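Peer 1: Below is one structure. I have some questions about it.
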């Protein structure tokens, strides 16, 4: 691994066993060696040898005895939550979120700040501030922090080691994620990995929020990005940029791009905020105007959702249109990937059924019956922590593989 969170890997037999056994301990611990053997289908001698090695490395600890139906009581084992920690960073379009978790992905501390609106250098500087802040807040010794993962919004190119910002207002500039990784590693001495935000969010939802049996998942980051899990593994494409469901369309339309219509992205909030502002300017929504106290620039997705829940007709229509438009893209992706689960995230989970129901109606209308009949469309269970916890999850996966 050279800093990529999900570089294609062919695991050795030992690495696969490490990952399988430690993931069972993470998910089901405290758990007995016999139960680990049953779930993984590895023989009890193999499991015992591996677990004893983890105990020597302080990754796993023994914890009491299980109930026995007769004979010697089996010993329970669990991850060492006092000795190993990781940090996950979400460098999102609007905010930067940092979380510090133990190996069970239980959150110890969290810090959230607005993302600087200027250069990537300023963003990196703010991220470093957050790392210092969360270490201080958690009171965890740096030597116990085993890794740091970053999920960053933008188009990843693993060949050149860059990430390109897709926000036109910030100039669609590219920066070296290798330089970002190296800077953080020099600053803190912690192994650091970088990946796309929607991709790491998909992995976080799969690992924390879904049943272990689910293998094929799409995570929709609004309508600008899609994290893809296929047969339990992340699919990131040849260069790490897979899942960019928006088209590279500039503000100026020509004869061709003006016909793209619903293929153009609505933006990080599906165009809900701009539609809400326009409604207030045109005097169409008294409820929205009251909720923002006449300050149009303070309107957020939550403002529009609050107005809709107060039966504001215009707000309901704005969310309905946003859901229908997103539903068209999701229907296409369901036909293409045939997932078991589609997760609505990127802040859109806050809209609840006001957006979910229009999405489902459009999917029923446009997706083929066979893939549509087996998919569930659900809101993100991790919410705004999906990217940061997903980054932590992928770092922990690397730790497990190389345990």
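Peer 1: Inside segment 68-83, can you point out the residues that are at pLDDT below 90 and either under 30 Å from residue 143 (Cβ atoms) or touching a strand residue (DSSP E or B) at 6+ places or on another chain (Cβ under 7 Å) (or both)?
Peer 2: 73, 74, 81, 82, 83
Peer 1: Let me ask something else about it. Using the structure shown, decide if residue 236 is at pLDDT 65 or above, buried (at least 20 other Cβ atoms within 10 Å of the Cβ) and over 25 Å from residue 159 (Cβ atoms).
Peer 2: no
Peer 1: Quick check, is residue 270 in a helix (DSSP H, G or I) and not assigned by TED's automatic domain parsing to the domain that holds residue 94?
Peer 2: Against the criterion (in a helix (DSSP H, G or I) and not assigned by TED's automatic domain parsing to the domain that holds residue 94), residue 270 does not qualify.
Peer 1: Under the condition of being within 23 Å of residue 28 (Cβ to Cβ) and touching a helix residue (DSSP H, G or I) at 6+ places or on another chain (Cβ under 6 Å), which residue from segment 182-204 is surrounded by the most Cβ atoms within 10 Å (Cβ to Cβ)?
Peer 2: 204
Peer 1: Now, a different point. Could we say that residue 330 is within 17 Å of the chain's Cα centre (by Cα) and under 20 Å from residue 225 (Cβ atoms) here?
Peer 2: No: the conditions fail for residue 330.
Peer 1: Moving on to the next point. Tell me, which helices (runs of 4 or more DSSP H) lie completely within segment 276-383 with 1 or more residues that are farther than 25 Å from residue 207 by Cα and modelled with pLDDT under 95?
Peer 2: Per the criteria, 286-291, 301-309, 313-337.
Peer 1: With 241, 222, 153 as the choices, which residue is closer than 21 Å to residue 348 by Cα, in contact with a strand residue (DSSP E or B) (Cβ under 9 Å, 6 or more places away or on another chain), modelled with pLDDT under 85 and not assigned by TED's automatic domain parsing to the domain that holds residue 128?
Peer 2: 222
Peer 1: Can we say residue 213 is without any contact (Cβ under 8 Å) to a residue 60 or more places away in the chain, surrounded by fewer than 23 Cβ atoms within 10 Å (Cβ to Cβ) and assigned to a helix (DSSP H, G or I)?
Peer 2: For residue 213, the condition - without any contact (Cβ under 8 Å) to a residue 60 or more places away in the chain, surrounded by fewer than 23 Cβ atoms within 10 Å (Cβ to Cβ) and assigned to a helix (DSSP H, G or I) - is not met.
Peer 1: Any idea which of (1) over 23 Å from residue 213 (Cβ atoms); (2) surrounded by fewer than 19 Cβ atoms within 10 Å (Cβ to Cβ) is the one residue 379 doesn't satisfy?
Peer 2: (1)
Peer 1: Say we look at segment 305-324 and pick out the residues that are surrounded by 22 or more Cβ atoms within 10 Å (Cβ to Cβ) and closer than 16 Å to residue 377 by Cβ; which of these is farthest from the chain's Cα centre (by Cα)?
Peer 2: Checked segment 305-324; the qualifying residue farthest from the chain's Cα centre (by Cα) is 319.
The values are calculated or read from the model by the stated rules, or taken from the named source; none is laboratory data. Since this is a predicted model, take the numbers as computed values, not measurements. As a convention, Cβ positions derive from the backbone with ideal geometry for all residues, glycine included, and neighbour counts pool all protein chains shown.
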